[in-house]
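Notes to accompany the following structure.
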Amino acid sequence: MKLFNKTHLILSSITFTILFLMNYLGSDASDRISRALLNAVAGVVGLSIGMFILYKNKDDKNPPDRFD
């Protein structure tokens with residue numbers, strides 16, 4: 001899966017929205033919007049890194065020779 005294709009952008013926007021709303025609505029701190037934005041962006045970055053690691057060898061034409 002390539003980063004920033006249609007599926008990745010849809011998944012990232014859904015993740016951002018859910019994380020932002022959970023943090024914004026569930027907090028009564030004075031800086032809740034900045035905390036919610038920071039958590040939502042960190043969640044999307046973590047999702048992107050995880051998807052990159054998961055799918056980086058999906059279409060590999062030359063797998064290792066002695067793979068169990």
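At a glance:
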quantity: Pairs, first within 11 Å of L47 (Cβ to Cβ) in the stretch 4-28, second surrounded by 11 or more Cβ atoms within 10 Å (Cβ to Cβ) and modelled with pLDDT under 90, C-beta under 7 Å, six or more apart; calculated: H8/M1; H8/M51
quantity: Selection count, the stretch 1-10, where residues are part of a helix (DSSP H, G or I) and either modelled with pLDDT of 95 or more or exposed (fewer than 15 other Cβ atoms within 10 Å of the Cβ) (or both); calculated: 4
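Residue-wise test of (1) modelled with pLDDT of 95 or more; (2) of a type in the set (D, E); (3) in a helix (DSSP H, G or I).
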{"position": "S27", "(1), (2), (3)": "no, no, no"}
{"position": "A40", "(1), (2), (3)": "yes, no, yes"}
{"position": "V44", "(1), (2), (3)": "yes, no, yes"}
{"position": "I53", "(1), (2), (3)": "no, no, yes"}
{"position": "N57", "(1), (2), (3)": "no, no, no"}
{"position": "P64", "(1), (2), (3)": "no, no, no"}
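The values are calculated or read from the model by the stated rules, or taken from the named source; none is laboratory data. None of these values were measured; they are calculated from a predicted model. We place every Cβ from the backbone using ideal geometry, glycine too, and count neighbours over all the protein chains shown.
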